């Protein structure tokens, strides 16, 4: 059985009389330790998939089994626990707490999970050994995203979910972040899902799930994912 | 137009914010307007009442009454608008000092509260709350006819009088000096020759508002006229009285003279008559005396004569008898001798008839016969003589006895006359003495009257104005007190409201920065944009002001009025919207709110629209000072570190939260504190200081403890009676007259009933060379031990009292002294009151007849309890408003806090923080601030409580300024409850925060 199994997933928003189908009949599987890119233009439904995978939203229909547990019927409390212990989230706009230093931002996540990694080590591993005591406002975009990644990793999550992690960064920095994510995925065997509209990034993934108009357009497996250095922005 | 529509939509979308803005403005405006307006409403209400009832501006009382001439003179004053005369009479009824007034028509009119006006002279009106309609009032004083025509009156109506608006009616000239009741009767019930008082209203004074300088100015010209007129009328009256008295003396003297003249003659005639009668009687006696003497003389003479006859006859008889004896005849009586002789003569005749006439024998015998015949003749003569003598004797005796009887009866008659005469004489003497006495009395009276005229004092006019009415001045004081409170509370509310508004608006504009940017880039002028926000704010402010003013002008003044005027008998408050104040409030609110908005919006325009469209670069975090103290910082848990860091991130909010919370705490504590203080003074005053049950007012004052009363009390198990002289006197401060109870005790040990201590709780005892006065007197007069104070009775008589100690006391003002010192300072002491514990023997005590009245301590307590109960209203007002303020402030601050950190919170949710952790993340700051705020608030509250109580203190009351532990607990509990309520509201908001928001770009 796959690590993540999504079956016939649908999400329908009821807006007064009108029903908007954000995604319909989405099915895919992800193996443990895989680096997956969910690719699609904006409005295709990838954020909905992310929200459901991340435990921020529940599907209208369908099941989603993560590591043997069906999270599609989770209640509010169970979803919180799921987010808390199983998910590491990397935001497009980093979402660091401005009033906390890099180290503290990482520790913040540390506080709430069972088996956290050492904050300093994680920060070191993302290359911010010397920036730990800095506040977000004192860090560059890339550095902030590294902190964000470190914060996600420190929780030792089952799944690392990244929402357009390079969306707010220039290509050079974006590449570095993607590299970091790829390295981390491979080194720590953490299942990593990156959501992006940037097709170039798809090259580095083990599996690419292409989304269009709320449905899966294609699922492609990369036998030989490219190292980040080789992709062209 | 579109911009305005946009503003309206903002209201709809963020209705909570709009409403909280309205509430804040409403609270500020309500409190500001309400408290500010109360005193002016109060004064206006009373002014209207004074005008309706034509409260006098001046009252004139003279030591010798006032005449029609006085009235005329007063009416002629050019500044007098209305003048009316009246009569009063003070007496004690059932131990209560009661003052009777004539019902006036033009000045000091009473307002009928229930019942009807008297229709006849046996009906009366009373002040509302004293007697009931239908009660009968009987005057006990037997001298009432000197003043009134009737002594029994039936209550037919109750009234309110602007002269007596304070439940402390002032001082009286009778009983214990405290006026207890006022009764109104028709004027013609009075039987007094002179008017007791005359009231005046000055021109234009009714148009002026009482208590203002304008009023003082308006009455001043009449005052000057009165000052001028007083000596003239005093002199007139003096001379009139003197002349009348002199005339009366003259008439009296004339009368005496006439009386003397007429009666002296009558008495002289009577005396002469009596004397003549005596003379006649005396003459009668003399005559009788003479007659008796004559009779006696006659008796002696006649007796002697008869005796001589008898002797002569006896001599004749004896010689005859001797001859007879020779003839051989011895007999015992004359008759026998005659018979014997006759027989011898017969025998001789017989012998002779046989003998010759010429014979010798014959001759012999013839001779013998002749001798015998001569003898017989003699004997017959003698016998006749005796018979005559006996007859004469009998006749004399008869005459004598008859005469004597006549004389004796005459004498008896005279004796009767004499007795009668003696009675008449005694009567005469008595009458004469009476007459003399009468004359002497008359003369004495004249002498007295002359002496009185010699000592006749000039009459003195006393001029009283409204300021001399304790109710009138006390009322102003109450109103002024509200003003001083008005100075503190509303400023606080306004300041909070202002800060909250600023905070809300800044936040709103920050949130809508992008929108502003869009509008600007679209080319809409910045004025229009500003206008849209100003419109938003002004709409909220206007609604807030309308709500605030309508509450402020109605509810708050009523509550304050009821609380502060609890001790007054006055009409209910009329609320006036004070237009200038209204406009000021509206202007100030609108202006400040607009300025705040313009400032908050305007500062965005210094950036180019493009900058506005970009998110604000986040403020850099900063380490706080505490982090440098490593050994503490190390020990603080991570979440607390975050909290502390966050706390210092928004300094503005810390300050506002602290102000809000500490302010509310302070207000709450003050509210509870006020209640504590008042209830505490009751406990201390009546359980620690004055521990007696009752004051028994003696029917008749005594100079020394009365044995009968003591026995009576002992028989009824009333122990340790403390004989006391009690009197209400007054003292004057620079601007008012204040009553105080003066108590002088027979016994120097009063520890059974009074526990006087100085401010350090050292017991005080009575001394012979000074009085103990209570704290408030010392405060008001600014005197200390060793100084003297001046006390006055209702006749303005002055007494100087030296202070030997100052005692702790909370309610009323007292001057305590020993009887020795009373004798020294006031003159001879009489005891009119007994202080004791009677439990529930009141009826027995009153039935004994020794006492006219009982003043129970319990009654004073329950009266004060009423005041305390009404003070609860103000406490609830304060608590209510502060609670509302507290919730609004906390809610407002928390929601702003949340909206500022929306993204952060959404992120934490995504990271897997559970609801509790998120609430705590936000709320930990509020908790810390609440705790700090409460502590600061308690300190401010202590000060505020002290201030409010200082202001609320009257001339008769000192408040204890301590606050009960329980009140701290209540304050804490309420604050905790508010915090929890706000947390619940916040939790609802927090739960609604959508995690998806964290994915959006920073706005």
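The values are calculated or read from the model by the stated rules, or taken from the named source; none is laboratory data. Bear in mind the structure is a predicted one, so any value in this text is a computation, not a measurement. All Cβ positions, glycine included, derive from the backbone under ideal geometry; neighbour counts span all protein chains shown.
Taking every residue in the range A:145-158 that is within 14 Å of residue A:97 (Cβ to Cβ) and more than 10 Å from chain B (Cβ to nearest Cβ) and pairing it with any residue that is at pLDDT 90 or above and surrounded by fewer than 24 Cβ atoms within 10 Å (Cβ to Cβ), at least 6 positions away or on another chain, yields no pair with a Cβ-Cβ distance below 6 Å.
Let's see how each residue does on (1) within 14 Å of another protein chain (Cβ to nearest Cβ); (2) under 43 Å from the mean Cα position of the chain (by Cα); (3) at pLDDT below 85:
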site	(1), (2), (3)
B:942	no, yes, no
B:948	no, yes, yes
B:951	no, yes, yes
B:957	no, yes, yes
B:968	no, yes, no
B:973	no, no, no
B:976	no, no, no
B:990	yes, no, no
B:1001	yes, no, yes
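If you go through the range A:178-196 and pick out every residue that is under 20 Å from residue A:105 (Cα atoms) and surrounded by fewer than 24 Cβ atoms within 10 Å (Cβ to Cβ), you end up with 2.
Residue by residue, here is whether (1) part of a helix (DSSP H, G or I); (2) closer than 27 Å to residue B:827 by Cβ holds:
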residue: B:687; (1), (2): yes, no
residue: B:692; (1), (2): no, yes
residue: B:698; (1), (2): no, yes
residue: B:710; (1), (2): yes, yes
residue: B:730; (1), (2): no, yes
residue: B:740; (1), (2): no, yes
residue: B:749; (1), (2): no, yes
residue: B:771; (1), (2): no, yes
residue: B:786; (1), (2): no, yes
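The condition (being surrounded by fewer than 16 Cβ atoms within 10 Å (Cβ to Cβ) and not in a helix (DSSP H, G or I)) is satisfied by just one residue among B:346, B:331: B:331.
Of all the listed residues (B:277, B:340, B:308), the sole one being assigned to a helix (DSSP H, G or I) and touching a helix residue (DSSP H, G or I) at 6+ places or on another chain (Cβ under 6 Å) is B:277. Helices (runs of 4 or more DSSP H) fully within the range B:607-660 that include at least 2 residues being within 12 Å of chain A (Cβ to nearest Cβ) and either in contact with a helix residue (DSSP H, G or I) (Cβ under 9 Å, 6 or more places away or on another chain) or at pLDDT 70 or above (or both): B:638-649. For residue B:480, indicate whether it is touching a residue at least 24 places away in the same chain (Cβ under 8 Å), outside any strand (DSSP E or B) and within 22 Å of the chain's Cα centre (by Cα). So residue B:480 fails the test. Does residue B:134 count as on the phi > 0 side of the Ramachandran plot and in the same structural domain as residue B:226 (by TED's automatic domain parsing)? So residue B:134 passes the test. Does residue B:572 fit the bill of being within 14 Å of chain A (Cβ to nearest Cβ), outside any helix (DSSP H, G or I) and either at pLDDT 70 or above or under 30 Å from residue B:922 (Cα atoms) (or both)? Answer is no for this residue. Counting only helices (runs of 4 or more DSSP H) that fall entirely inside the range B:816-916 and contain at least 3 residues that are surrounded by 20 or more Cβ atoms within 10 Å (Cβ to Cβ) and more than 14 Å from chain A (Cβ to nearest Cβ), the qualifying elements are B:819-825, B:857-900.
Conditions (1) touching a residue at least 12 places away in the same chain (Cβ under 8 Å); (2) within 16 Å of the chain's Cα centre (by Cα); (3) farther than 25 Å from residue A:11 by Cβ, marked per residue:
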| site | (1), (2), (3) |
| --- | --- |
| A:179 | yes, yes, yes |
| A:209 | yes, yes, no |
| A:220 | yes, no, no |
| A:225 | yes, no, yes |
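In the range B:142-154, the count of residues that are in a strand (DSSP E or B) and under 20 Å from the mean Cα position of the chain (by Cα) is zero. Would you be able to say whether some residue in the range A:92-110 is within 10 Å of chain B (Cβ to nearest Cβ), closer than 30 Å to residue A:1 by Cβ and modelled with pLDDT under 85? Checked against the condition, which is being within 10 Å of chain B (Cβ to nearest Cβ), closer than 30 Å to residue A:1 by Cβ and modelled with pLDDT under 85, the range A:92-110 yields at least one hit. Only one residue in B:389, B:375, B:355, B:363 is surrounded by 13 or more Cβ atoms within 10 Å (Cβ to Cβ) and outside any helix (DSSP H, G or I), so which one is that? The conditions single out B:355. When residue B:744 is tested against (1) buried (at least 19 other Cβ atoms within 10 Å of the Cβ); (2) closer than 22 Å to residue B:955 by Cβ; (3) at pLDDT 90 or above, exactly one condition is not met: (2). When residues in the range B:447-487 are screened for being modelled with pLDDT of 85 or more and in contact with a helix residue (DSSP H, G or I) (Cβ under 8 Å, 6 or more places away or on another chain), 7 of them pass.
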